[in-house]
Each structure stands twice: as C-alpha cells, then as structure tokens.
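Let me begin by presenting the structure, written as structure tokens, before commenting on it.
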Amino acid sequence: MRRFYTILLALCFVFGAFAETVFTFTCDDDVIQEIDDIYVMLYDNGGGHNPYFYRYASHGPEMRLYPQNTISIYGEGLKNIQIVFTKADQTYATTFTCSTGNLVSGGVSTAYNDPVVDKWTGDADEVSFTIGSEIGKQRVIRKIVINGDPINPEDEIPQDPKPLPTEEDLIDNYIYAEPTTVNVPDTFISQKEYAFIDNNILVYCDKGTIDQAITTGNIRPAFFNCNADHSITFTATENIKGIEIDGFVRKAFNATCEPETATIEYLTNSDYDMEGLPALVIRNINAKSVTLTCPKQLRCYAVRLFFQENPDPLYTGIGSMPESEISIQKILREGRLLIIRGEKIYSAQGIEEK
C-alpha cells in the first residue's frame, strides 16, 4: 500500500495532471497573470484595440476581446485548456484559432447569459489563441481553466442579479448625520437602471452609470450619474430639507424637481465645478423623497443631504465683472473658494461667459 501511494505521488509530480489552474478577470491589470508558474497574457497583436476589462453588477467582471486580440499561455506540461466565452455587445467572433494542438469550438454565444466553452488539447509549454480579424466582431472571456475537469457551460451561466433595493429596505427611526453623505458604491453599472442604499439613503436612477475612480492618466473620482432626459431620486425616512451635489452638470442644465416647492441652484458650466463649490444645490425640499429630472447629464461625485436646515445658497453675491479688465473675482462660501477668471456674469442661476 505504501508503494502505491509513492507511485501516485510521483505521477502527480511528473505530469501535474491533478493541478487545475483557473484564471479569472477582476481588473485592468489582469491582461497579464501568473499562477503556479503558468502565465496568461492578453494583448492587441496588431488589431488596433487592446483587450478591455468590464465590471458588471448583473453578470460579473470579464475581459472583452477585439479582432486579432491574442491569448498566450505559457507553462510546463499544458495538456488541456478550457476557455469560457460569451457574446459581447457586437457580433460574436466565430473565428478563433490556436498555434498548436487541437481546438474544439463550443459553438456561438448569443447573449451574456449564454456561455460556451472552447476546449484545447495538446502537449506543449506554450500555446496562443487568436480572435479573427473580422471588423466589428468580439468575444467576452469569463474564465480560463488549465489542466482541469471538463466544464459544463450551464454551470457558467451568471446568477440572476439581486433585486434593486426599495424604500422598504430603509431603516425606520434612523438617526441621520447633518449633513448625511451618500458615497459612490463599489460596483460598475453602465447605462441602465440602478438603485443602492448608503447611510440609509435610497438612490434610484431610471438610467445611468456607476463607475470607479481613475487614478492614472485622465484622473477623476468615482461617480454615479443620471443620463440626459432621465431622473434620479433620493429617499430617506425623514424629511429632507436640502441637498448638495459635488460633480458636474452640463451647460444649461436646468433640471426640474419634485416636490415643486424645492429650488435649484447650479453651475452652468462644468469647468467651474472643481474650484470648491458643489455643482448643484437643492433647497426647500421638505419631503422624504426628491426627484431630479435632468435634460442633460448630472454626474455625482458625492452627495450631502440636510435634514435640520437648508444648505447655504450656492452664491454669496450677484453682479458682473468689468468688461474692460481681465481680473480674478473670489466668492467665499463656508471656507470654499470659487475663482472666476476673465469676463463672467454670475448669479443665483449660474455662471455664464459674456
């Protein structure tokens, strides 16, 4: 019996047949990964578009592959490789070839919830897989399994997303801070209905995006937004007096608000939103729920709700800068500083170039 186990261990060491290695994709950097001395690289290969990472609340993180994109896998003793694909927004790329060994297609995916598994067998230390060069065709890669047990495509179908939270999920008799901040949730949602709760505030948008911060290159904070010609609603268990929104609004934003008793003040050009003032202030709400209907995009970096008193007005004065001079006008508000350069007109309705 001891001799049997010694032989079994030796076979496992030599062939590595029982060492399943699984690669998934959770961030942009996962185009290059290493697990147990096996390397996976996803790259452009001359197609003009690098593989791109997406994170969806409804069906999880994934990497999108474009025409001519290549997957290269390096490791000693590659025997079988299974790659789980689904359809991207564009037509599913049917051409997918390997540099060595035998590749069997799992078919054509018709939707995100219709995964297929392409299966490779061979005996190599290096193998590459390449998407065809057909323009406008893509694949979404969910998972790569190396030297593993056979995958059942039905087991890879994403689970139904959780239902959106509602007012019933809010906590009664919650004690709100003054102000109460609503933060951007740690998820990604693109151009669709969403809802989330933070600090017992329900945020609902009938169409918009939630995205995380970009820390290199074109740096920007995490945000949630409301698409043009759609609405966003903030709901609490106590009457809301006012709201401040840090972010930006497009020029001539001109939103409408429900209840109609509320008043809106906003900057009319996103160039000025990072100078210290919120982009939008809503006052005199006096209701547990407030809805903004936005003719143009409203992007929110942070939102503060006031329950005891109205937030201060956005502006401290009304006037204009002399036409004959280029000067700097400073408007102070609670220690924040707004600098208006050049010839501007500013008022409670916003700032506009003359």
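Assorted remarks:
- Spin-label model distance (nm) - ASN218 vs ALA19, 7 Å beyond Cα toward Cβ: 4.3 nm
- Charge sum, other residues only, whose C-beta stays under 13 Å from ALA124's C-beta, Lys/Arg counted +1 and Asp/Glu -1: -3
- Taking 18 Å as the cut-off, the amide N atoms of the range 187-204 that come nearer than this to a point 7 Å along the Cα-to-beta-carbon line of ASP30 belong to 187-190.
- Additional length obtainable on full extension of the chain from GLU178 to GLU76, 0.36 nm per residue less Cα span: 30.7 nm
- Legend: calculated FRET efficiency, LYS288 to GLN90, from the Cβ-Cβ distance at R0 = 35 Å, rounded to 0.05, equals 0.20.
- Note on GLU154 and THR237: the model spin-label points, each 7 Å out from Cα along the C-beta direction, lie 4.3 nm apart.
- Extension gain, ASN113 to THR256: 0.36 nm times the residue separation minus the Cα-Cα distance gives 47.7 nm.
- Stretch gain in nm, segment THR121-ASP44, where the contour uses 0.36 nm per residue and the Cα spacing is subtracted: 25.3 nm
- Order of ILE219, ILE264, ILE144 under a 10 Å beta carbon neighbour criterion, fewest first: ILE219, ILE264, ILE144
- What the Cβ-Cβ distance of ASN310 and THR166 gives, at R0 = 30 Å and to the nearest 0.05, is a FRET efficiency of 0.60.
- Taken as Cα centroids, the range 61-81 and the range 189-260 sit 38 Å apart, rounded to the nearest whole angstrom.
- Cross-link pairs LYS192/LYS288; LYS87/LYS143; LYS87/LYS192; LYS162/LYS192 - those with Cα-Cα distance over 22 Å: LYS192/LYS288
Each value in this text was obtained by applying a stated rule to the coordinates, not by laboratory testing. Computed from a predicted structure; not experimentally measured. Note: ideal-geometry Cβ built from the backbone for every residue, glycine included; neighbour counts use all protein chains shown.
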